[in-house]
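Structure below; questions to follow.
The values are calculated or read from the model by the stated rules, or taken from the named source; none is laboratory data. Everything quoted here is computed from the prediction, not taken from an experiment. Don't worry about glycine lacking a Cβ; one is built from the backbone with ideal geometry, like all the others, and counts go over all protein chains shown.
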Amino acid sequence: MALFGRKKQAAATVEQVDETASDQEVPASSASIGMAEYRAELLAAIEPLRPIGLSVLDAFGRRLCEDIVSDIALPTFTSAATEGYAVRAADVASATPSDPVRLPVLDTLDSPAYRGAPLLERTAIRVALGAPVPEGADAVVALDRTDGGESEVRIDASVAVGQHLRLAGSDIADGTLLLERGRIVDAGAVGLLAEVGLDKVLVRQSPRVAVLTIGSDLVPPGLPLTSRLHRYDATSSLIAAGARADGAQVFAAGTLADDAAVILEALTDQLIRADLIVVVGGLDGALPDVLARLGELRQRQVTAHPGGTHAFAVVGDDRTPVIALPDGVWPAFVGYHAFVRPALNRLQGEPNELPVSRVLPARVALHGRRGATELIPAVTTDRGVEPAGDLGADLARDVARADALIVLPPGTDLVPANSDVEVWMLTPART
């Protein structure tokens, strides 16, 4: 069973939460755990969103939650694959140019809406390309192997059973598996679904993600900086953009002061609409206490750098997951790719995969850490990979250049230049 199940439980109002808060304690940070262990613990707290029926066009980009099986055959009728005469193959088996077979022509079929009467033995029916062949016919003689007669036709070649016929169900048979569960609905899939008459399919909707940042020194972009201690909040936009790129419907919930009442109100407001809440910052302030009041909290020292303290919780009636990332542009950026992106995949019923991993030569010497995984935002080129900037600067400018993360496992001391390193690819390379 998952660490936290996403099940309904008795509702609790904000007032009730506040009344009981004094009796709860924020769980102390446990002993350090590895990045993979923490990610597994976090994902165990998240269940995929329930499937929902959407129109095939609205389902574009979503993952199917059902096998799609055709309940019709295509084409729906057997038609002529060439212009000519519908016949019984046995009636023209002896036909040759020197000894042609002559058959009376009973009808002419040139519309898919009219199939005509059944074909009688030793007769023919003139058919246009694509016209339905009459019952009893098992082949079509091409027009160029006849004299084109209207009341009687001279046929100078035999045909095999099925020749020049496009058989009903030859493209798609009734009961054919068209698309498997888990397939992403792309443009081709939309066309196929419409072709077999389906107007709705079962998929998972885009997860609704609320992103907020905590920091009394942070100012939302667009407002003036009124103190030398203030700085603009770049992390809310950074994480929100990442989530949107990964298929989420994103709500930017704002920049909050590190105040318990403010944080409590903001989180409670987001529970109405969010399937996942991502909070950047506040882990050394009021946030852990607030999360403990609202639900079940796990706070961990993760052996990854940049990072350190991470936390997640499940809160509210729907036990909505909350992922708390360390403050700072670089720690939040790394935390997003290591933990939030796999959580979004989990919500969408997709594999909890990390970014694609490659091995590339390091263009400069790198230094790891004895007891932690070092994750370095980096830039790749056809010559290798190098850090995107100075990790200590913590600038979004440098993150904007990054298309990868260099991954140095714990215990890595010095990686000489031109040595191979593991790299998580985040976006197409920018050269």
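Out of everything in region 358-372 that is at pLDDT 90 or above and assigned to a strand (DSSP E or B), what residue ends up being nearest to Gly307 (Cα to Cα)?
Leu366
Among the residues of region 372-390, are any under 18 Å from Gly34 (Cα atoms), surrounded by fewer than 17 Cβ atoms within 10 Å (Cβ to Cβ) and not basic (Lys, Arg)?
Here is the first cut: in region 372-390, the residues under 18 Å from Gly34 (Cα atoms) are 372-376.
With the extra rule that they be surrounded by fewer than 17 Cβ atoms within 10 Å (Cβ to Cβ), the set shrinks to none.
So far as region 372-390 goes, no, none of its residues is under 18 Å from Gly34 (Cα atoms), surrounded by fewer than 17 Cβ atoms within 10 Å (Cβ to Cβ) and not basic (Lys, Arg).
Sticking with this structure for a sec: Out of region 244-272, which residues are polar (S, T, N, Q), surrounded by fewer than 18 Cβ atoms within 10 Å (Cβ to Cβ) and within 16 Å of Pro220 (Cβ to Cβ)? First the steps, then the outcome.
So the first thing to find is which residues in region 244-272 are polar (S, T, N, Q), and the list is 249, 255, 268, 270.
Next cut, surrounded by fewer than 18 Cβ atoms within 10 Å (Cβ to Cβ) only: 249, 268.
Selection gives nothing.
Please specify each residue of region 62-76 satisfying the condition of being exposed (fewer than 15 other Cβ atoms within 10 Å of the Cβ), touching a strand residue (DSSP E or B) at 6+ places or on another chain (Cβ under 7 Å) and either in a strand (DSSP E or B) or not acidic (Asp, Glu) (or both).
Residue satisfying the conditions is Val69 alone.
Let me ask you something else. Do we have any residue at all in region 47-55 that's among the β-branched types (Val, Ile, Thr), at pLDDT 95 or above and either more than 30 Å from Leu179 (Cα to Cα) or not in a helix (DSSP H, G or I) (or both)?
no
Could we say that Phe333 is outside the structural domain of Ile184 (by TED's automatic domain parsing), part of a helix (DSSP H, G or I) and either in contact (Cβ under 8 Å) with a residue 40 or more places away in the chain or not small (Gly, Ala, Ser) (or both) here?
Working: outside the structural domain of Ile184 (by TED's automatic domain parsing): yes; part of a helix (DSSP H, G or I): yes; either in contact (Cβ under 8 Å) with a residue 40 or more places away in the chain or not small (Gly, Ala, Ser) (or both): yes.
The answer is yes for Phe333.
Among the numbered criteria (1) at pLDDT below 95; (2) hydroxyl-bearing (Ser, Thr, Tyr); (3) farther than 25 Å from Val196 by Cα, which one does Thr78 miss?
Checking Thr78 against (1) at pLDDT below 95; (2) hydroxyl-bearing (Ser, Thr, Tyr); (3) farther than 25 Å from Val196 by Cα, the one that fails is (3).
So, of the residues in region 121-153 that are in a loop (DSSP other than H, G, I, E, B) and in contact with a Gly (Cβ under 7 Å, 6 or more places away or on another chain), which turns out to be surrounded by the most Cβ atoms within 10 Å (Cβ to Cβ)? If you could, list the steps in order and put the result at the bottom.
Our first condition is that a residue be in a loop (DSSP other than H, G, I, E, B); within region 121-153, this holds for 121-123, 128-131, 133-138, 147-151.
From what's left, in contact with a Gly (Cβ under 7 Å, 6 or more places away or on another chain): 134, 138.
Working: Pro134: 21, Asp138: 19.
Checked region 121-153; the qualifying residue surrounded by the most Cβ atoms within 10 Å (Cβ to Cβ) is Pro134.
Might you check whether a residue that is within 27 Å of the chain's Cα centre (by Cα) and surrounded by fewer than 18 Cβ atoms within 10 Å (Cβ to Cβ) occurs anywhere in region 283-301? Don't jump to the end; show me each part of the working.
So in region 283-301, the residues within 27 Å of the chain's Cα centre (by Cα) come out as none.
No.
Across region 99-145, which residue is modelled with the lowest pLDDT among those that are under 18 Å from Leu165 (Cβ atoms) and basic (Lys, Arg)?
Arg115
Here is a list: Ser237, Ser206. Which entry is surrounded by 15 or more Cβ atoms within 10 Å (Cβ to Cβ), without any contact (Cβ under 8 Å) to a residue 24 or more places away in the chain and not charged (D, E, K, R)?
Values: Ser206 fails: without any contact (Cβ under 8 Å) to a residue 24 or more places away in the chain.
Of the residues listed, the single one that is surrounded by 15 or more Cβ atoms within 10 Å (Cβ to Cβ), without any contact (Cβ under 8 Å) to a residue 24 or more places away in the chain and not charged (D, E, K, R) is Ser237.
Answer with yes or no whether Val322 is surrounded by 21 or more Cβ atoms within 10 Å (Cβ to Cβ), modelled with pLDDT of 95 or more and among the β-branched types (Val, Ile, Thr).
Details: surrounded by 21 or more Cβ atoms within 10 Å (Cβ to Cβ): yes; modelled with pLDDT of 95 or more: yes; among the β-branched types (Val, Ile, Thr): yes.
When the stated conditions are applied, Val322 passes them.
Of the residues in region 246-272, how many are of a type in the set (Ser, Thr, Tyr) and assigned to a helix (DSSP H, G or I)?
Start the filter on region 246-272 by keeping residues that are of a type in the set (Ser, Thr, Tyr), which leaves 255, 268.
Filter once more, so that each one left must be assigned to a helix (DSSP H, G or I): 268.
So the count comes out to 1.
Would you call Pro342 touching a strand residue (DSSP E or B) at 6+ places or on another chain (Cβ under 9 Å) and either loosely packed, with under 15 Cβ neighbours inside 10 Å or not assigned by TED's automatic domain parsing to the domain that holds Ile184 (or both)? Please lay out each step first, then the result.
Details: touching a strand residue (DSSP E or B) at 6+ places or on another chain (Cβ under 9 Å): no; either loosely packed, with under 15 Cβ neighbours inside 10 Å or not assigned by TED's automatic domain parsing to the domain that holds Ile184 (or both): yes.
Spelling it out, it is not the case that Pro342 is touching a strand residue (DSSP E or B) at 6+ places or on another chain (Cβ under 9 Å) and either loosely packed, with under 15 Cβ neighbours inside 10 Å or not assigned by TED's automatic domain parsing to the domain that holds Ile184 (or both).
So which residues in region 296-330 are at positive phi and in contact (Cβ under 8 Å) with a residue 24 or more places away in the chain? Walk me through it before giving the result.
As a first pass, look at region 296-330 and keep what is at positive phi: 307-308, 316, 319, 328.
Hits for region 296-330 are Gly307, Gly316, Arg319, Gly328.
Next question. Which residue is surrounded by the most Cβ atoms within 10 Å (Cβ to Cβ), if the candidates are limited to region 405-431 and must be modelled with pLDDT under 90 and within 23 Å of the chain's Cα centre (by Cα)?
Ranking the qualifying residues of region 405-431, first place goes to Leu426.
Could you run through region 83-102 and say how many residues are surrounded by fewer than 18 Cβ atoms within 10 Å (Cβ to Cβ) and either in contact with a Leu (Cβ under 6 Å, 6 or more places away or on another chain) or polar (S, T, N, Q) (or both)?
3
Criterion first (part of a strand (DSSP E or B), within 27 Å of Ala396 (Cα to Cα), touching a helix residue (DSSP H, G or I) at 6+ places or on another chain (Cβ under 7 Å) and not aromatic (Phe, Trp, Tyr)) does Leu212 satisfy it? Write out each step before concluding.
Details: part of a strand (DSSP E or B): yes; within 27 Å of Ala396 (Cα to Cα): yes; touching a helix residue (DSSP H, G or I) at 6+ places or on another chain (Cβ under 7 Å): yes; not aromatic (Phe, Trp, Tyr): yes.
The answer is yes for Leu212.
Further question on the same structure: Can you tell me which of (1) at pLDDT 90 or above; (2) buried (at least 23 other Cβ atoms within 10 Å of the Cβ); (3) over 27 Å from Ile272 (Cα atoms) is the one Thr309 doesn't meet?
Exception for Thr309: condition (2).
Let me ask something else. Does at least one position in region 198-206 carry a residue that is under 30 Å from Thr108 (Cα atoms) and in a loop (DSSP other than H, G, I, E, B)? It would help to see each step written out before you state the result.
Going residue by residue through region 198-206, those that are under 30 Å from Thr108 (Cα atoms) are none.
Looking through region 198-206, none of the residues is under 30 Å from Thr108 (Cα atoms) and in a loop (DSSP other than H, G, I, E, B).
Filter region 273-282 for residues that are assigned to a loop (DSSP other than H, G, I, E, B) and surrounded by 17 or more Cβ atoms within 10 Å (Cβ to Cβ) and give the result. Break it down stepwise before answering.
Of all residues in region 273-282, those assigned to a loop (DSSP other than H, G, I, E, B) come to 273-275, 281-282.
The answer is Ala274, Asp275, Gly281, Gly282.
Testing Val105 on (1) within 30 Å of Glu195 (Cβ to Cβ); (2) β-branched (Val, Ile, Thr); (3) not in a loop (DSSP other than H, G, I, E, B), one condition comes back false. Which one is that?
(1)
Also, quick follow-up: Among the listed residues Ala157, Ala128, identify the single one that is in contact with a helix residue (DSSP H, G or I) (Cβ under 9 Å, 6 or more places away or on another chain) and not β-branched (Val, Ile, Thr).
On the way: Ala128 fails: in contact with a helix residue (DSSP H, G or I) (Cβ under 9 Å, 6 or more places away or on another chain).
Being in contact with a helix residue (DSSP H, G or I) (Cβ under 9 Å, 6 or more places away or on another chain) and not β-branched (Val, Ile, Thr) holds for just one of Ala157, Ala128, which is Ala157.
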